[in-house]
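*Asks:* This is the structure, below, for whatever I ask next.
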């Protein structure tokens, strides 16, 4: 193999020979931490604290996908929640997450697929969330949130 071909192929050979990313040292503890983030979100929504709800999301560059489009950023999403669900608890409804399936992808990345239901409120919903969690400065946050509502 000519030297220039070897030089071009060397990074690929190195990557192929490298071990896969290390799994988190304590997978059950990491999954429990992610479940706690979701439980805190549910509690925050149900008491009408949308800022605490949004603390679970990567700020400012979280990506929200819903209703067939990419929604605005972190601040735009908070503004939407305050505008459309704020004020009267009857307008907000009660949020519940369950059937959470978590897969640890790397020490700083996890995927969650789970069900949600928003009872009451102006726009009752039932559906599935797909979330990409990233561990940022020792804390799990949602970097990508995809919502698929039952029509």
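*Asks:* Report the normalised scattering of segment 94-134 as log10 I(q)/I(0) at q = 0.25, 0.27 Å⁻¹, calculated by the Debye formula with identical scatterers on the alpha carbons.
*Replies:* So the normalised log intensities are -0.78, -0.84.
*Asks:* More than 19 angstrom separation, counting every C-alpha pair in segment 25-149; what % is that?
*Replies:* 46
*Asks:* For the residues 64, 133, 57, what sequence is obtained by ranking on other C-beta atoms within 10 Å, fewest first?
*Replies:* 64, 57, 133
Bear in mind that the values in this text are calculations on the coordinates, not laboratory data. Source: prediction; values computed, not measured. No Cβ is skipped: glycine too gets one built from the backbone with ideal geometry, and neighbour counts run over all protein chains shown.
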